[in-house]
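Student: Sharing a structure here in structure tokens format.
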Amino acid sequence: MALALTDYERRRLENIKRNDQMMASLKLHQKSNQLSSAPKRQRIEIKGYETTPEKKPKTKSPIVIRRSLRSRGIPPDASTASGVEDDLAASPQKPTNSSSHLDPLIRKLGRLPMQQAYSGRVSSNRQLIDTIMDMSENVPLTRSKKSVAVDCFDLGSLVLKPDNIARMLPARILSVAFFPSEERTMVVVGDKLGNVGFWDVDCEEERGNGVYLYSPHSAPISGISVEPILSKISTSSYDGYIRLMDVGKETFNMVYSSDDAIFSLSQRPHDVKSLYFGVGKGKLKLWDERAGKISSIYNLHDQRINSIDFNTENTNLMATSSTDATACIWDLRSASGAHRLKCLKRVNHRKAVHSAYFSPSGSCLATTSYDNNVGLLSGVEFEDMTMIPHYNQTSKWISTFRAIWGWDDSNLFVGNTKREVDVISTVNKTTTSLESPYMTAIPCRFAAHPFKVGTLAGATGGGQVYVWTTR
């Protein structure tokens, strides 16, 4: 028996029937089916070569189980110690400078105009060029370091003034040096991106802040050398290039190019026509400007050479430090046909050695290692060895510490993770610190002004430079 419909149900069925008739007259059902099938056909056409829209299985990332050297029975390696990657790696890749405005092809030119490499905030670098040329014209023909003022120098007189702080470069600084000028204080630094910055500390306020920025390289700056005439500055980089900034000609000249990274650079005293640089795994090359070629190649270390320094009193003695955990003193008079030098003294550390510098008198050698020690060699033949504990661990944002000498043989200056400058006394082997409320970053690389006793520059991982002076 059929159930009787209520008035509500009867009206509902009539509305459904009337809507179906309306949709049929407008052909909405047919158009709806066409639209629903369109995305599927479109996906198949985009793939083109595929006949079916089958999904590919997702590629799973392999599971990598990390195991320590100790669990694998492998002894520790000094060259793989933790810390700054490009400072510790034996053969780092050559990164490109993404911040540079220069085309990569321009970098390979033999002559790169200074104005084309200029990327500073000040619109022109003319003021810097004029200042350097004026300094160069006033350089004495013969000069030597002042030693009289050192006798009365008080370490406690060093202060950091707010005006002596500048953000010079956009990235972590690896190299810092003073211009060897008695009249003016000018700092030159190089960073991880291949930028080279100049700071005229004595610049008058109406002429700007005195900071100028150039981009002559495409990888970390590993060395800076300012010639005594002041108008020529050599820079080396991990990009395998050595460039000579000739301020008089307003160019960056290509001195040397290599497929291997260059890790260190130095000039022998009283020999501005030669460049010594560490390249690849432990090789030392000598570039002779007069001959326009490499005159000597020496195999000195098993890993990269981090620093090169010469004894000022006996320029035949050269010191090198290496990631192979050693520092050596070499006699340049002992060069042999086998591309080797005679090693007069070898210092063994447990981890990478990042610097080895002779003292101002040439009678001592200081080494800085990632094994938390600063080594001190002394004696007539550097036979006395002392290890001074110092915390040298740095993160990847900070360049490795390198202890430098001050203006005599009594003090070493080195970075401190507490945003201070540690001063190590070579007399009593104690450590004191220079503190300042204006020091807002960790100083990691230092330079002492060769002619202004008490003027010390410290560079940071953030591109800042702090210049300490006497009161």
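The values are calculated or read from the model by the stated rules, or taken from the named source; none is laboratory data. What you see is a predicted model, and the numbers here were worked out from it, not measured in a lab. Quick reminder, even Gly has a Cβ in these numbers, built from the backbone with ideal geometry, and neighbours come from all protein chains shown.
Student: Just checking, which of V414, V353 is among the β-branched types (V, I, T) and farther than 21 Å from G156 by Cβ?
Tutor: Values: V414 fails: farther than 21 Å from G156 by Cβ.
Just one listed residue meets the conditions, V353.
Student: Tell me the residue from G223, G194, G190 that is in contact with a Ser or Thr (Cβ under 7 Å, 6 or more places away or on another chain), modelled with pLDDT of 95 or more, of a type outside the set (F, W, Y) and not in a strand (DSSP E or B), please.
Tutor: Numbers: G223 fails: not in a strand (DSSP E or B); G190 fails: not in a strand (DSSP E or B).
One residue alone meets the criteria, G194.
Student: Restricting the first residue to the range 410-432 and requiring it to be closer than 12 Å to V374 by Cβ, which pairs with a second residue that is among the small types (G, A, S) and loosely packed, with under 15 Cβ neighbours inside 10 Å meet a Cβ separation below 6 Å and a spacing of at least six or different chains?
Tutor: Qualifying pairs under 6 Å: D422/S433.
Student: Counting only residues that are part of a strand (DSSP E or B) and out of contact with any helix residue (DSSP H, G or I) (no Cβ under 8 Å at 6 or more places or on another chain), which one in the range 174-187 is farthest from H217 (Cα to Cα)? Before you say what the answer is, go through the steps one by one.
Tutor: Applying the first criterion (part of a strand (DSSP E or B)) to the range 174-187 yields 174-178, 186-187.
Pick out the ones that are also out of contact with any helix residue (DSSP H, G or I) (no Cβ under 8 Å at 6 or more places or on another chain) and you get 175-178, 187.
Values: S175: 14, V176: 16, A177: 18, F178: 20, V187: 19 Å.
Looking at residues that are part of a strand (DSSP E or B) and out of contact with any helix residue (DSSP H, G or I) (no Cβ under 8 Å at 6 or more places or on another chain), I get F178.
Student: Suppose we filter R304, R290 for residues that are charged (D, E, K, R) and closer than 17 Å to G278 by Cα; which single one remains? I'd like the intermediate steps shown before the answer.
Tutor: Working: R290 fails: closer than 17 Å to G278 by Cα.
Exactly one residue qualifies, and that residue is R304.
Student: Next question. Go through the range 351-364 and give me each residue that's surrounded by 21 or more Cβ atoms within 10 Å (Cβ to Cβ) and over 14 Å from I424 (Cβ atoms).
Tutor: K351, A352, V353, H354, A356, F358
Student: Hey, can you tell me all the residues within the range 415-430 that are of a type in the set (V, I, T) and out of contact with any Leu (no Cβ under 9 Å at 6 or more places or on another chain)?
Tutor: So in the range 415-430, the residues of a type in the set (V, I, T) come out as 417, 421, 423-424, 426-427, 430.
T417, V427, T430 - these are the residues of the range 415-430 that are of a type in the set (V, I, T) and out of contact with any Leu (no Cβ under 9 Å at 6 or more places or on another chain).
Student: Could you grab me the full set of residues in the range 263-304 that are among the basic types (K, R) and touching a helix residue (DSSP H, G or I) at 6+ places or on another chain (Cβ under 9 Å)? Don't jump to the end; show me each part of the working.
Tutor: Narrowing the range 263-304 to residues among the basic types (K, R): 268, 273, 281, 283, 285, 290, 293, 304.
Of everything in the range 263-304, those that are among the basic types (K, R) and touching a helix residue (DSSP H, G or I) at 6+ places or on another chain (Cβ under 9 Å) turn out to be R268, R304.
Student: Using the structure shown, decide if V272 is among the hydrophobic types (A, V, I, L, M, F, W, C) and either modelled with pLDDT under 95 or over 22 Å from A117 (Cα atoms) (or both). Talk me through it step by step, then tell me what you get.
Tutor: Details: among the hydrophobic types (A, V, I, L, M, F, W, C): yes; either modelled with pLDDT under 95 or over 22 Å from A117 (Cα atoms) (or both): yes.
Yes: the conditions hold for V272.
Student: Tell me the residue from R304, R268 that is under 22 Å from A219 (Cβ atoms), crowded, with 17+ Cβ neighbours inside 10 Å and of a type in the set (D, E, K, R), please. Before the answer, list the steps.
Tutor: Working: R268 fails: under 22 Å from A219 (Cβ atoms).
R304 is the lone residue from the list that is under 22 Å from A219 (Cβ atoms), crowded, with 17+ Cβ neighbours inside 10 Å and of a type in the set (D, E, K, R).
Student: While we're here: Within the range 224-238, identify whether any single residue is buried (at least 21 other Cβ atoms within 10 Å of the Cβ), under 28 Å from A356 (Cα atoms) and among the charged types (D, E, K, R), and answer yes or no.
Tutor: Within the range 224-238 (the criterion being buried (at least 21 other Cβ atoms within 10 Å of the Cβ), under 28 Å from A356 (Cα atoms) and among the charged types (D, E, K, R)), the answer is no, since none of the residues qualifies.
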